[in-house]
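Here is the structure we will look at, set down as structure tokens.
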Amino acid sequence: MKTATLSRPIARRDFLKFSTVAGGGLVLGFYFKSGGTAAAAEVVKPSAGAEFKPNAFIRISPDGVVTLVSKQPEIGQGVKTSLPMIIAEQLEVNWKDVVIVQGDLDPAYGGQSAGGSRSTPNNYNEFHKLGATARTMLVEAAAQTWGVPASECRAENSAVHHSSGKNLKYGALVAKASTLPVPADASVKQKDPKDYKLLGTRIGGVDNPKIVTGQALFGMDVKLPGMLYAVYDKCPVFGGKVVSANVDAIKALPGVKDAFVIEGTSNLSGLMPGVAIVADSTWSAFSARKQLKVTWDEGKFANDSWGAFTAKAQEIAKKPGERTVHKDGDVNAAFASAAKTIEAAYSYPFISHASI
């Protein structure tokens with residue numbers, strides 16, 4: 001199997017390619033470059049039973065099941081539901097017919113990080129085009145099957161309907177749609193936002209039933225042969241280092257495979273100095289950590305405190321700004337003429353939102 005990406009700029013009509021998958025399915029996929037730009041994928045026709053893997057986001061099987069891939073990691077922000085919803089909206093599929101698959105880490109997907117609330121805006125426009133193009137091809141497949149103009153057909157509820165009243169489910173159109181060329185830009189019409197049925201509505205998270213019933217979904221649920229578990233104890237003060245630790249006593253505890261000091265780095269992107277404990281179970285690792293005794297050199301930040309930082313921040317906030325970023329109207333005049341003014345100061349700790 002071969003796949004290819006294009007280093008040259010491409011036209012919109014080129015960013016989608018179709019092919020068949022095992023069982024005669026229809027696959028529509030594209031690659032994302034690091035900047036979020038879609039690049040074309042070479043058409044590949046695998047042998048029966050082989051998995052078609054140009055990193056497609058849409059797969060429709062002959063039985064009508066629509067499988068959508070969510071490439072961004074789901075860490076509680078809901079993108080495993082919201083991103084497929086964008087495709088499903090334009091594809092005109094019944095949400096109950098959709099199966100959502102979490103995409104594995106794969107360079108072909110492009111950026112797969114999560115942070116800064118960028119997952120939806122970075123993928124939004126491309127996913128709309130992806131779903132709309134697939135829908136256009138399914139409508140054309142139905143029109144050719146019936147021998148009627150595509151303008152007399154419309155897609156709705158996982159099927160294509162003709163003005164005469166007849167209809168064909170998407171599953172019945174898989175074979176025909178797989179043979180069609182990518183439509184020109186002008187023939188791909190995205191839905192008007194006023195006609196959206198999914199976007200803007202309250203849709204439950206696709207994994208909610210599994211979450212509330214305790215089914216394995218998370219990284220900590222992964223189990224591999226011979227897998228070990230580690231805990232890490234780092235200095236409570238940034239920049240602190242280990243002076244000594246009772247690692248020999250920890251190594252002798254039940255289930256513990258090793259315990260050792262890590263010198264670490266002062267680089268915020270690296271691993272801070274601390275003590276690691278490796279064990280054959282989380283229980284053994286956590287139990288051993290409770291008995292870990294470390295003497296720390298807390299370094300030059302030992303006397304810093306959140307209270308001191310807060311006081312300094314409030315002092316800075318009282319000083320006038322050094323430059324004007326944007327000015328609209330006369331704030332001082334508005335305050336001077338106001339019947340009542342309210343002043344308040346807000347602060348929050350410098351923490352990572354990874355806690356979600």
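Just a few scattered comments:
- Residue that is surrounded by the fewest Cβ atoms within 10 Å (Cβ to Cβ), among those in the range 107-127 that are within 25 Å of I211 (Cα to Cα) and of a type outside the set (S, T, N, Q): G116
- Residues satisfying the criterion are present in the range 86-93 (criterion: in the same structural domain as S178 (by TED's automatic domain parsing), assigned to a loop (DSSP other than H, G, I, E, B) and within 16 Å of A159 (Cα to Cα)).
- Residue match in the range 74-91 (condition: of a type in the set (D, E), surrounded by 15 or more Cβ atoms within 10 Å (Cβ to Cβ) and modelled with pLDDT of 95 or more): yes
- Residue match in the range 239-252 (condition: in contact (Cβ under 8 Å) with a residue 60 or more places away in the chain and surrounded by 14 or more Cβ atoms within 10 Å (Cβ to Cβ)): yes
- The residue that is farthest from K312 (Cα to Cα), counting only those in the range 323-347 that are of a type in the set (S, T, N, Q) and not in a loop (DSSP other than H, G, I, E, B), is S337.
- Residue check, S287 among the hydroxyl-bearing types (S, T, Y), out of contact with any Lys or Arg (no Cβ under 7 Å at 6 or more places or on another chain), surrounded by 14 or more Cβ atoms within 10 Å (Cβ to Cβ) and at negative phi: yes
- Residue in the range 71-84 that is touching a Phe, Trp or Tyr at 6+ places or on another chain (Cβ under 8 Å), part of a helix (DSSP H, G or I) and within 19 Å of G200 (Cβ to Cβ) present: yes
- Residue in the range 226-236 that is part of a loop (DSSP other than H, G, I, E, B), in contact (Cβ under 8 Å) with a residue 40 or more places away in the chain and under 23 Å from D304 (Cβ atoms) present: yes
- Of all residues in the range 55-70 being surrounded by fewer than 24 Cβ atoms within 10 Å (Cβ to Cβ) and touching an Asp or Glu at 6+ places or on another chain (Cβ under 8 Å), the one that is modelled with the lowest pLDDT: N55
- If you go through the range 260-314 and pick out every residue that is under 24 Å from Y348 (Cβ atoms), touching a residue at least 40 places away in the same chain (Cβ under 8 Å), part of a helix (DSSP H, G or I) and more than 36 Å from the chain's Cα centre (by Cα), you end up with 1.
The values are calculated or read from the model by the stated rules, or taken from the named source; none is laboratory data. Worth saying up front: this structure is predicted, and the values here are computed from it rather than measured. Cβ: placed from backbone, ideal geometry, glycine included. Neighbour counts: every protein chain shown.
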